[in-house]
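Please treat every number below as a calculation from the coordinates, not as lab data. The shown structure was predicted, so the numbers you read here are calculated from the model rather than taken from an experiment. So basically every Cβ, Gly included, is an ideal-geometry build from the backbone, and we count neighbours across all protein chains shown.
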Amino acid sequence: MPIQDAGSGLGWCEVNKRVANAGEPMKKIGVFADLQKRVIVFAVTLGLAVAAGFCHGCRGPGALPAGGRRIDMVVTAYCPCGRCCGWRRNWLGHPVYASGRLKGRPKAVGVCADGTRARVGTIAADTRYYPFGTRIYVPGYGYGTVHDRGGAIQGPRRLDVFFPKHGEAVKWGRRALTVVIFDRE
């Protein structure tokens, strides 16, 4: 079912208004979560999804979730490729570390520092400030959990968000954002 994106940051009420303004009778309104655990509100009229948007509790576009600590950070992106994660293939075709004290040693590709598999929602951070398991909301990415760390991710104001494809990581680039940290209890 094709969905016409009504824009990120729309709340439940705003999606209702947009559908009502389209002039068609509303048949069904539903909610589901995408891969980044963002809640998406959608409305269906006559069997076609005509509007969809991210719900932030109807606080308006760009609203950050309630609770947690807000911190300005530099957020970059990475994927499991050798360029992003510092590995290469040796003469046998096996992945090995490309540099550093582990240079030439076998590298488990796609495995985070805490032993879990990297997937959408994985965040790399300096674990001296944000231990494994810390939940973080990154605008434009969604909710994630710290499972990894990286050599360039140093200090309390740096994060790296995971994407499965290198092109997506490059497209994300480097962003200065206000993120919300939900400390572990």
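Treating each Cα of the stretch 103-172 as an identical point scatterer and ignoring solvent, apply the Debye formula and state log10 I(q)/I(0) at q = 0.15, 0.23, 0.24 Å⁻¹. Summing over Cα pairs of the stretch 103-172 leads to -0.47, -1.08, -1.16.
Give me the net charge of Cys85's neighbourhood, meaning all other residues with Cβ under 12 Å from the Cβ of Cys85; Lys, Arg count +1, Asp, Glu -1. Intermediate results must be reported in sequence, preceding the final value.
Numbers: positive: Arg83, Arg88, Lys107, Arg149; negative: Asp148, Asp160.
In short, +2.
Got a sec? How would Ile123, Ile71 order by Cβ neighbour count within 10 Å, fewest to most?
Working: Ile123 25, Ile71 16.
By the 10 Å Cβ count, ascending, the order reads Ile71, Ile123.
The residues neighbouring Thr127, those whose beta-carbon lies less than 10 Å from its own, together hold a net charge of -1 under the Lys/Arg +1, Asp/Glu -1 convention. The local environment of Asp114, defined by Cβ-Cβ distances under 12 Å, has a net charge of +1 under the rule Lys, Arg +1 and Asp, Glu -1. With neighbours defined as other Cβ atoms within 10 Å of a residue's Cβ, the residues His147, His94, His166 order from fewest to most as His94, His166, His147. When each of Val161, Val180 is scored by the number of other beta-carbon atoms lying within 10 Å, the sequence from fewest to most is Val180, Val161.
Taking 0.36 nm per residue of separation and subtracting the Cα-Cα distance, what length does fully extending Tyr129 through Lys165 add? Mind showing how you got there, number by number?
On the way: separation 36, 0.36 × 36 = 12.96 nm, distance 2.76 nm.
Result for the pair: 10.2 nm of gain on full extension.
If both residues of a DSSP beta bridge must be in the stretch 69-182, then about 75% of such bridges are antiparallel. Hey, if you put +1 on the Cβ of every Lys and Arg and -1 on every Asp and Glu Cβ in the stretch 69-182, which of Tyr97, Ala108, Tyr129 ends up farthest toward the positive end of that dipole? The one lying farthest along the dipole's positive direction is Tyr97. Each Lys and Arg adds +1 at its Cβ and each Asp and Glu adds -1 at its Cβ; summed about the Cα centre, the stretch 70-185 shows a dipole of about 480 debye. Using the Cβ-Cβ distance between Arg88 and Leu64 with R0 = 45 Å, the FRET efficiency computed as 1/(1 + (r/R0)^6) comes to roughly 0.70.
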